[in-house]
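The values are calculated or read from the model by the stated rules, or taken from the named source; none is laboratory data. Every value quoted in this text rests on a predicted model; they were computed, and no experiment measured them. Note: ideal-geometry Cβ built from the backbone for every residue, glycine included; neighbour counts use all protein chains shown. SASA here: full protein model, heavy atoms, side chains in, ligands and nucleic acids out. Shrake-Rupley method; radii C 1.70, N 1.55, O 1.52, S 1.80 Å.
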Amino acid sequence: MRDFRWPPPPDGGPRTYGPGPTAPRSGRPALPEPETELVATPHGVRLERLVTGAGDPVTVFAHGLAAGISTTRPLGSAVAGRRVFFQFRGHGRSDSPPGRWGYADLGRDLRAIADLSGATRALGVSLGAAALSRVLWESPERFERVVFVLPAVLDEPRPDAARQRLAGLLAAVRTGDAGTVAEAVAAEVPAPVRNTPAGWAYLRQRVDQLMRDGLGEGLADLPDGVAIRDRSSLAAVTAPALVVGCAGDELHPLAVAEQLAATLPSATLHVYDRPGVFWSHRADLREKISHFLNEG
């Protein structure tokens, strides 16, 4: 693998050192960001929201740490009905209330958006999956159908390596230095594509987003927290569930997905064989999500 460098090559293509084949230097232009709205919630935190599609059912999509609407929106591209995307507190244009936040607060954000939008289904990615498990732990009957993509934490703390990576990302954003943020974000990109046009485009988009919007200081304790106190309580959830895990993913241990699927009474577990599912199996993941949500 060639060394990581920042800033990205000015032409958007890979920067190579010495002779050797290079990938094409052209790429698909980024789509303009859609117009969102700020929604007042009953707990006093305004949250950024985007609604697409029409009709029933209504599905709410919850993103991962330091991600947002742009990362969850592709997962709903083939999902029927109305699709509701939002930004948790401390992300994007959403409020960053004072103090430190836990998964109970994120669950409150998710529940508020779901209630205000009339959502009967929910999908959560990583951090969003933890918030979704929190909502179901408190209200097992809240959703009719649920999807957990790469769940990372339930009732046990994350592994040390995962906590260090997440804490490192939060610390990098606090520096306000684009190069430091890029170094932290580069770990999200699989090594084979890290110095390709697609890899650079992803890095540029993520760094631009994080430099523009930042991350709320209240998120600092999340890497050390747990989403729920006792996962056995999730046995009261009767809604059909799809749990997507990935072997070898340091931030999203497969054991968490297996524990969640084993606890939920009506769960289907799908495991991808290597990390980087959003890069290597994006179309397949979208198909599995839409098939599951549309069949009920």
Where residue 245 falls short, out of the listed (1) modelled with pLDDT of 90 or more; (2) open to solvent by less than 60 Å² (accessible area, probe 1.4 Å); (3) farther than 21 Å from residue 282 by Cβ; (4) of a type in the set (Gly, Ala, Ser): (3)
Residues that are in contact (Cβ under 8 Å) with a residue 12 or more places away in the chain and within 17 Å of residue 217 (Cβ to Cβ), drawn from region 175-199: 176, 181, 184
Search result, residues across region 99-120 that are within 18 Å of residue 50 (Cβ to Cβ) and among the β-branched types (Val, Ile, Thr): 113
Output for region 58-68, where each listed residue is of a type outside the set (A, V, I, L, M) and either in a loop (DSSP other than H, G, I, E, B) or farther than 19 Å from residue 205 by Cβ (or both): 59, 63, 64, 68
Residues (over 14 Å from residue 147 (Cα atoms), outside any loop (DSSP other than H, G, I, E, B) and not hydrophobic (A, V, I, L, M, F, W, C)) located in region 264-289: 272, 280, 282, 284
Condition broken by residue 137, with the remaining ones in (1) surrounded by fewer than 24 Cβ atoms within 10 Å (Cβ to Cβ); (2) at pLDDT 95 or above; (3) outside any helix (DSSP H, G or I) satisfied: (3)
Qualifying positions in region 153-176 - at pLDDT 95 or above and under 17 Å from the mean Cα position of the chain (by Cα): 153, 154
Candidate set from region 69-101 (those that are part of a loop (DSSP other than H, G, I, E, B) and among the aliphatic types (A, V, I, L, M)); member that is least open to solvent (accessible area, probe 1.4 Å): 79
Failed item, numbered, when residue 40 is tested on (1) closer than 20 Å to residue 228 by Cα; (2) without any contact (Cβ under 8 Å) to a residue 24 or more places away in the chain: (1)
Single residue of 179, 214 found to be modelled with pLDDT of 90 or more and not β-branched (Val, Ile, Thr): 179
Pairs where the first residue, in region 206-227, is over 19 Å from residue 106 (Cα atoms) and the second is among the charged types (D, E, K, R), C-beta under 8 Å, 6+ apart: 206/188
Whichever residue in region 239-263 is within 17 Å of the chain's Cα centre (by Cα) and in a helix (DSSP H, G or I) and, among such residues, is farthest from residue 59 (Cα to Cα): 254
The lone exception for residue 277 - which of (1) touching a Cys at 6+ places or on another chain (Cβ under 8 Å); (2) open to solvent by 30 Å² or more (accessible area, probe 1.4 Å); (3) of a type in the set (A, V, I, L, M) it fails: (2)
